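Chemist: Quick one: the structure is below, and I'll ask about it shortly.
The values are calculated or read from the model by the stated rules, or taken from the named source; none is laboratory data. This is a predicted model, so every value here is computed, not measured. No Cβ is skipped: glycine too gets one built from the backbone with ideal geometry, and neighbour counts run over all protein chains shown. Heavy atoms of the whole protein, side chains included, go into the accessibility calculation; ligands, DNA and RNA do not. Shrake-Rupley method; radii C 1.70, N 1.55, O 1.52, S 1.80 Å.
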Amino acid sequence: MSEIIALAEPNKDGLISLEKAIAVRRSRRKFLPQPLTLEQIGQLCWAAQGQEQGARYRTTPSAGATYPLELFVLTADGLFHYLSAEHALEKLTDKDLRSELTAAAWGQGFVEDAAAMFIFTAEFTRTTNHYGKRGVRYVYMEAGHAAQNIHLQVESLGLGSVAVGAFDDSAVSEVLSLPENLEPVYMVAIGYYRK
(Lines give C-alpha, C1' and ligand atoms only; values in the text may rest on other atoms or scores of the structure.)
Protein backbone atom coordinates (compact mmCIF):
# COMPACT_ATOMS: atom_id res chain seq x y z
CA MET A 1 0.00 0.00 0.00
CA SER A 2 2.50 2.88 -0.40
CA GLU A 3 0.53 6.12 -0.69
CA ILE A 4 2.40 9.43 -0.35
CA ILE A 5 0.58 12.24 1.49
CA ALA A 6 2.02 15.73 1.09
CA LEU A 7 2.00 17.79 4.29
CA ALA A 8 1.25 21.49 4.62
CA GLU A 9 4.14 23.90 5.02
CA PRO A 10 5.07 24.00 8.73
CA ASN A 11 4.20 27.05 10.79
CA LYS A 12 7.36 28.74 12.05
CA ASP A 13 5.61 31.32 14.24
CA GLY A 14 4.13 29.50 17.22
CA LEU A 15 1.23 30.55 19.38
CA ILE A 16 3.36 30.61 22.53
CA SER A 17 6.99 31.44 23.22
CA LEU A 18 9.64 28.77 23.58
CA GLU A 19 10.07 29.80 27.22
CA LYS A 20 6.34 29.34 27.87
CA ALA A 21 6.39 25.89 26.22
CA ILE A 22 9.31 24.87 28.44
CA ALA A 23 7.56 26.21 31.55
CA VAL A 24 4.24 24.42 30.96
CA ARG A 25 5.52 21.12 29.53
CA ARG A 26 4.23 18.17 31.54
CA SER A 27 3.72 14.48 30.90
CA ARG A 28 0.05 13.93 30.15
CA ARG A 29 -1.50 10.48 29.85
CA LYS A 30 -5.27 11.04 30.09
CA PHE A 31 -6.16 11.49 26.44
CA LEU A 32 -9.52 12.42 24.93
CA PRO A 33 -10.94 10.45 21.97
CA GLN A 34 -10.29 13.23 19.45
CA PRO A 35 -8.06 12.73 16.40
CA LEU A 36 -5.27 15.07 15.40
CA THR A 37 -5.52 16.94 12.13
CA LEU A 38 -3.12 16.24 9.29
CA GLU A 39 -1.77 19.78 9.80
CA GLN A 40 -0.97 19.02 13.45
CA ILE A 41 0.72 15.74 12.54
CA GLY A 42 2.75 17.50 9.85
CA GLN A 43 3.82 20.23 12.27
CA LEU A 44 4.94 17.62 14.82
CA CYS A 45 6.86 15.64 12.19
CA TRP A 46 8.62 18.81 11.08
CA ALA A 47 9.53 19.69 14.68
CA ALA A 48 11.05 16.23 15.16
CA GLN A 49 12.87 15.63 11.89
CA GLY A 50 11.99 18.38 9.41
CA GLN A 51 14.24 19.82 6.76
CA GLU A 52 14.12 23.08 4.88
CA GLN A 53 13.52 22.60 1.15
CA GLY A 54 16.83 21.90 -0.55
CA ALA A 55 18.74 21.80 2.75
CA ARG A 56 20.44 18.74 4.17
CA TYR A 57 20.15 19.66 7.84
CA ARG A 58 17.18 18.76 10.02
CA THR A 59 15.49 20.49 12.94
CA THR A 60 17.43 18.41 15.48
CA PRO A 61 21.18 18.02 15.91
CA SER A 62 22.81 14.85 14.64
CA ALA A 63 26.40 13.70 15.24
CA GLY A 64 28.24 14.29 11.97
CA ALA A 65 24.88 14.88 10.25
CA THR A 66 24.50 11.09 10.02
CA TYR A 67 20.73 11.23 10.75
CA PRO A 68 20.14 7.68 11.98
CA LEU A 69 16.51 8.27 12.97
CA GLU A 70 13.43 7.26 11.00
CA LEU A 71 10.08 8.51 12.32
CA PHE A 72 6.85 6.55 12.17
CA VAL A 73 3.39 7.85 13.11
CA LEU A 74 0.59 5.55 14.19
CA THR A 75 -3.04 6.75 14.35
CA ALA A 76 -6.50 5.23 14.02
CA ASP A 77 -6.05 5.75 10.27
CA GLY A 78 -2.97 3.54 10.06
CA LEU A 79 0.82 3.57 10.12
CA PHE A 80 2.86 6.22 8.33
CA HIS A 81 6.58 6.81 7.70
CA TYR A 82 7.72 10.44 7.71
CA LEU A 83 9.76 11.42 4.65
CA SER A 84 11.69 14.43 5.92
CA ALA A 85 13.20 15.56 2.61
CA GLU A 86 9.73 15.72 1.03
CA HIS A 87 7.84 16.75 4.21
CA ALA A 88 5.37 13.99 3.42
CA LEU A 89 3.94 10.85 4.95
CA GLU A 90 4.19 7.45 3.33
CA LYS A 91 1.14 5.40 4.31
CA LEU A 92 2.26 1.86 5.09
CA THR A 93 -1.06 0.38 6.24
CA ASP A 94 -4.55 1.63 7.01
CA LYS A 95 -4.87 -0.76 9.97
CA ASP A 96 -5.14 0.76 13.46
CA LEU A 97 -2.29 -0.96 15.30
CA ARG A 98 -2.54 0.98 18.57
CA SER A 99 -3.92 -2.01 20.50
CA GLU A 100 -1.00 -4.17 19.35
CA LEU A 101 1.44 -1.38 20.18
CA THR A 102 -0.10 -1.10 23.65
CA ALA A 103 0.65 -4.79 24.24
CA ALA A 104 4.24 -4.21 23.02
CA ALA A 105 4.45 -1.29 25.49
CA TRP A 106 3.66 -3.65 28.35
CA GLY A 107 -0.02 -2.77 28.55
CA GLN A 108 0.28 0.98 29.11
CA GLY A 109 -3.32 1.93 28.26
CA PHE A 110 -2.59 5.51 27.29
CA VAL A 111 -0.72 4.20 24.21
CA GLU A 112 -4.02 2.98 22.77
CA ASP A 113 -5.88 6.09 23.97
CA ALA A 114 -3.45 8.53 22.32
CA ALA A 115 -4.59 10.12 19.07
CA ALA A 116 -1.12 9.49 17.66
CA MET A 117 1.99 7.57 18.57
CA PHE A 118 5.26 8.95 17.25
CA ILE A 119 7.82 6.16 17.11
CA PHE A 120 11.49 6.93 16.61
CA THR A 121 13.51 4.11 15.14
CA ALA A 122 17.21 4.11 14.39
CA GLU A 123 19.57 2.65 11.86
CA PHE A 124 22.56 2.61 14.20
CA THR A 125 25.13 1.87 11.49
CA ARG A 126 24.60 5.29 9.92
CA THR A 127 26.31 6.71 13.01
CA THR A 128 28.46 3.84 14.28
CA ASN A 129 30.15 3.45 10.88
CA HIS A 130 31.51 6.95 11.45
CA TYR A 131 32.01 7.01 15.25
CA GLY A 132 32.42 3.37 16.26
CA LYS A 133 30.85 2.21 19.53
CA ARG A 134 30.47 5.77 20.76
CA GLY A 135 27.99 6.30 17.92
CA VAL A 136 25.41 4.26 19.84
CA ARG A 137 25.38 6.98 22.51
CA TYR A 138 24.97 9.66 19.84
CA VAL A 139 21.92 7.91 18.38
CA TYR A 140 20.15 7.91 21.75
CA MET A 141 21.10 11.54 22.30
CA GLU A 142 19.59 12.44 18.94
CA ALA A 143 16.37 10.61 19.79
CA GLY A 144 16.16 12.71 22.95
CA HIS A 145 16.70 15.93 20.99
CA ALA A 146 13.99 15.02 18.48
CA ALA A 147 11.52 13.93 21.16
CA GLN A 148 12.04 17.12 23.16
CA ASN A 149 11.22 19.12 20.03
CA ILE A 150 7.97 17.15 19.78
CA HIS A 151 7.10 17.71 23.46
CA LEU A 152 7.62 21.47 23.11
CA GLN A 153 5.70 21.63 19.81
CA VAL A 154 2.86 19.69 21.46
CA GLU A 155 2.58 22.43 24.10
CA SER A 156 2.52 25.11 21.41
CA LEU A 157 -0.38 23.28 19.73
CA GLY A 158 -2.37 22.95 22.97
CA LEU A 159 -1.98 19.18 23.04
CA GLY A 160 -0.54 16.75 25.57
CA SER A 161 2.24 14.19 25.32
CA VAL A 162 4.12 11.62 27.32
CA ALA A 163 7.40 9.84 26.62
CA VAL A 164 7.26 6.06 26.34
CA GLY A 165 10.49 4.21 27.04
CA ALA A 166 9.02 1.03 28.50
CA PHE A 167 8.44 -1.31 25.58
CA ASP A 168 9.61 -4.62 24.15
CA ASP A 169 11.89 -3.72 21.23
CA SER A 170 11.25 -6.87 19.23
CA ALA A 171 7.48 -6.69 19.81
CA VAL A 172 7.37 -3.05 18.62
CA SER A 173 9.45 -4.03 15.58
CA GLU A 174 6.99 -6.81 14.81
CA VAL A 175 3.89 -4.61 15.23
CA LEU A 176 5.34 -1.99 12.87
CA SER A 177 6.84 -4.60 10.48
CA LEU A 178 10.16 -2.77 10.70
CA PRO A 179 12.97 -3.85 8.41
CA GLU A 180 15.90 -5.53 10.17
CA ASN A 181 18.11 -2.44 9.92
CA LEU A 182 15.75 -0.32 12.09
CA GLU A 183 15.33 -0.59 15.87
CA PRO A 184 12.74 1.28 17.97
CA VAL A 185 14.40 3.65 20.44
CA TYR A 186 11.76 6.10 21.73
CA MET A 187 8.01 6.63 21.51
CA VAL A 188 5.81 9.62 22.26
CA ALA A 189 2.06 9.39 22.92
CA ILE A 190 0.21 12.53 21.78
CA GLY A 191 -3.35 13.79 21.90
CA TYR A 192 -5.90 16.15 23.30
CA TYR A 193 -6.04 15.64 27.05
CA ARG A 194 -8.34 16.08 30.04
CA LYS A 195 -7.52 19.40 31.70
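Chemist: Tally the residues that are part of a loop (DSSP other than H, G, I, E, B), open to solvent by 30 Å² or more (accessible area, probe 1.4 Å), in contact (Cβ under 8 Å) with a residue 12 or more places away in the chain and within 22 Å of PHE167 (Cα to Cα), restricting the search to segment 91-136. It would help to see each step written out before you state the result.
Modeler: Here is the first cut: in segment 91-136, the ones part of a loop (DSSP other than H, G, I, E, B) are 94-97, 105-109, 114-115, 123-124, 132-133.
Now drop any that are not open to solvent by 30 Å² or more (accessible area, probe 1.4 Å), which leaves 94-96, 106-109, 123, 132-133.
Of the ones still in play, those that are also in contact (Cβ under 8 Å) with a residue 12 or more places away in the chain are 94-96, 106, 108, 123.
Right, trim to within 22 Å of PHE167 (Cα to Cα) and you get 95-96, 106, 108, 123.
Total meeting the criteria: 5.
Chemist: While we're looking at this one, here's another question. With respect to ALA163, determine if the residue is open to solvent by 10 Å² or more (accessible area, probe 1.4 Å), within 27 Å of LEU32 (Cβ to Cβ), more than 17 Å from the chain's Cα centre (by Cα) and not polar (S, T, N, Q).
Modeler: Criteria not met by ALA163.
Chemist: Can you tell which of ALA88, ALA65 is among the hydrophobic types (A, V, I, L, M, F, W, C), closer than 22 Å to GLY144 by Cα and in contact with a Phe, Trp or Tyr (Cβ under 9 Å, 6 or more places away or on another chain)?
Modeler: ALA65
Chemist: Starting from residues that are assigned to a loop (DSSP other than H, G, I, E, B) and exposed (fewer than 15 other Cβ atoms within 10 Å of the Cβ), keep the ones in segment 17-28 and report whichever is farthest from the chain's Cα centre (by Cα).
Modeler: Only one residue fits best here, namely SER17.
Matching residues to (1) over 17 Å from VAL73 (Cβ atoms); (2) of a type in the set (Phe, Trp, Tyr); (3) out of contact with any Pro (no Cβ under 8 Å at 6 or more places or on another chain):
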| site | (1), (2), (3) |
| --- | --- |
| PHE110 | no, yes, yes |
| MET117 | no, no, yes |
| ALA146 | no, no, yes |
| SER173 | no, no, no |
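Chemist: Looking only at segment 43-53, filter to residues that are farther than 16 Å from GLY160 by Cα and either in contact with a Leu (Cβ under 9 Å, 6 or more places away or on another chain) or touching a residue at least 40 places away in the same chain (Cβ under 8 Å) (or both); which one of those is most open to solvent (accessible area, probe 1.4 Å)?
Modeler: Within segment 43-53, the match that is most open to solvent (accessible area, probe 1.4 Å) is TRP46.
Chemist: Taking segment 29-58 as the region of interest, how many residues are assigned to a loop (DSSP other than H, G, I, E, B), closer than 19 Å to HIS145 by Cα and at pLDDT 95 or above?
Modeler: Number of matching residues: 1.
Chemist: Would you be able to tell me the number of residues in segment 54-90 that are open to solvent by less than 20 Å² (accessible area, probe 1.4 Å) and free of Cβ contacts under 8 Å to residues at least 24 places away in the same chain?
Modeler: Adding up the residues that qualify gives 2.
Chemist: All but one of (1) under 27 Å from LEU38 (Cα atoms); (2) open to solvent by 30 Å² or more (accessible area, probe 1.4 Å); (3) not in a loop (DSSP other than H, G, I, E, B) hold for GLY158; state the number of the condition that does not hold.
Modeler: The single condition GLY158 does not satisfy is (3).
Chemist: Being over 21 Å from GLU90 (Cβ atoms) and touching a residue at least 12 places away in the same chain (Cβ under 8 Å) is the filter; apply it to segment 166-189 and report the residue that is most open to solvent (accessible area, probe 1.4 Å). Step through it out loud before you land on a result.
Modeler: Within segment 166-189, the subset over 21 Å from GLU90 (Cβ atoms) is 166-171, 189.
Those still in the list that are touching a residue at least 12 places away in the same chain (Cβ under 8 Å) too: 166-169, 171, 189.
Details: ALA166: 40, PHE167: 15, ASP168: 55, ASP169: 74, ALA171: 31, ALA189: 0 Å².
Checked segment 166-189; the qualifying residue most open to solvent (accessible area, probe 1.4 Å) is ASP169.
Chemist: What are the pairs with Cβ atoms under 8 angstrom where one residue, in segment 5-32, is closer than 24 Å to MET187 by Cβ and the other, located anywhere, is assigned to a strand (DSSP E or B) and charged (D, E, K, R)? Sequence gap at least six, or different chains.
Modeler: Every condition considered, the pairs that remain are ILE5/GLU90; ILE5/LYS91.
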